[in-house]
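Everything on this sheet refers to the single structure shown next.
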């Protein structure tokens, strides 16, 4: 959900009345899809109408007592919703009802090892996207040099989102796709999904020359070469 903002105050999230049903509908879709091959919360945008977006913007609180959660990506495991957002290490929040949220730390303690050389000054990870495929959570994220097309989308995987579980560990899977200065498109804001035929895809971009679409290997979550 790159570009979206969820507002929260003292652990309580603000969902405009016309927007929350879309989240609830997406949760029902998630539950159904999780029983098949995969699911993607980026597909949430498919059920959010222009009217709902306008309603969210019109009814968002103006008080400075609220803080913003930028680029939220939400997925449900068991009875708990997990939210990942832009920031240092990809901040994580949990909720039972999509209203009351608890900060539970960050997905990563530091930048991924692959980003150290190409992005020495970058500290934040952007625009997460999370999907569940064949028993594995795939967390996509962006590392970028702000204001340029020098960017990369990385991937980390985990078998659980519950930090109390002994199996909880994010495994770095490296770069999925990248761009360099001078490219007329930007490797940011990923959205992974599966079409009706079972093919995995990733839409990225929205800056400079627009959205780009890549075919993914369903087994790895990586771009298929060529």
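The values are calculated or read from the model by the stated rules, or taken from the named source; none is laboratory data. Note that the coordinates shown come from a computational prediction; the quantities given were computed from them, not determined experimentally. Neighbour counts are summed over all protein chains in view; Cβ atoms, including those assigned to glycine, are modelled from backbone coordinates with ideal geometry.
In the stretch 159-173, what count of residues is obtained for those that are assigned to a strand (DSSP E or B) and surrounded by 12 or more Cβ atoms within 10 Å (Cβ to Cβ)? Give the derivation first.
Quick first cut of the stretch 159-173, residues assigned to a strand (DSSP E or B) only: 171-173.
Going one step further and asking which of them are surrounded by 12 or more Cβ atoms within 10 Å (Cβ to Cβ), we end up with 172-173.
The number of residues fulfilling the criteria is 2.
Within the bounds of the stretch 72-80, is there any residue that is touching a helix residue (DSSP H, G or I) at 6+ places or on another chain (Cβ under 9 Å) and either under 24 Å from residue 210 (Cβ atoms) or free of Cβ contacts under 8 Å to residues at least 12 places away in the same chain (or both)?
yes
Which one is farthest from residue 220 (Cα to Cα) among residues in the stretch 97-147 that are in contact with a helix residue (DSSP H, G or I) (Cβ under 8 Å, 6 or more places away or on another chain) and part of a loop (DSSP other than H, G, I, E, B)? Break it down into steps so the answer makes sense when it comes.
Going through the stretch 97-147, the residues in contact with a helix residue (DSSP H, G or I) (Cβ under 8 Å, 6 or more places away or on another chain) turn out to be 98, 122, 129-132, 143.
Still in the list and also part of a loop (DSSP other than H, G, I, E, B): 98, 122.
Numbers: 98: 30, 122: 26 Å.
That would be 98.
From the list 110, 32, which residue is exposed (fewer than 13 other Cβ atoms within 10 Å of the Cβ) and either under 19 Å from the mean Cα position of the chain (by Cα) or at pLDDT 95 or above (or both)?
Among 110, 32, only 110 is exposed (fewer than 13 other Cβ atoms within 10 Å of the Cβ) and either under 19 Å from the mean Cα position of the chain (by Cα) or at pLDDT 95 or above (or both).
Which one of the conditions (1) in a strand (DSSP E or B); (2) buried (at least 23 other Cβ atoms within 10 Å of the Cβ); (3) out of contact with any helix residue (DSSP H, G or I) (no Cβ under 8 Å at 6 or more places or on another chain) does residue 92 fail to meet, given that it meets all the rest?
(2)
Which of the residues spanning the stretch 181-207 are without any contact (Cβ under 8 Å) to a residue 60 or more places away in the chain, on the phi > 0 side of the Ramachandran plot and surrounded by 12 or more Cβ atoms within 10 Å (Cβ to Cβ)?
Passing the criteria: only 205.
Give the residues of the stretch 57-89 that are modelled with pLDDT under 95 and part of a strand (DSSP E or B), sorted by residue number.
Selection gives 67, 68, 69, 70.
Taking only pairs six or more apart or across chains, which ones have beta-carbon atoms under 6 Å, a first residue in the stretch 97-113 that is free of Cβ contacts under 8 Å to residues at least 60 places away in the same chain, and a second residue that is surrounded by 14 or more Cβ atoms within 10 Å (Cβ to Cβ) and part of a loop (DSSP other than H, G, I, E, B)?
Within 6 Å, the pairs are 106/89; 106/90.
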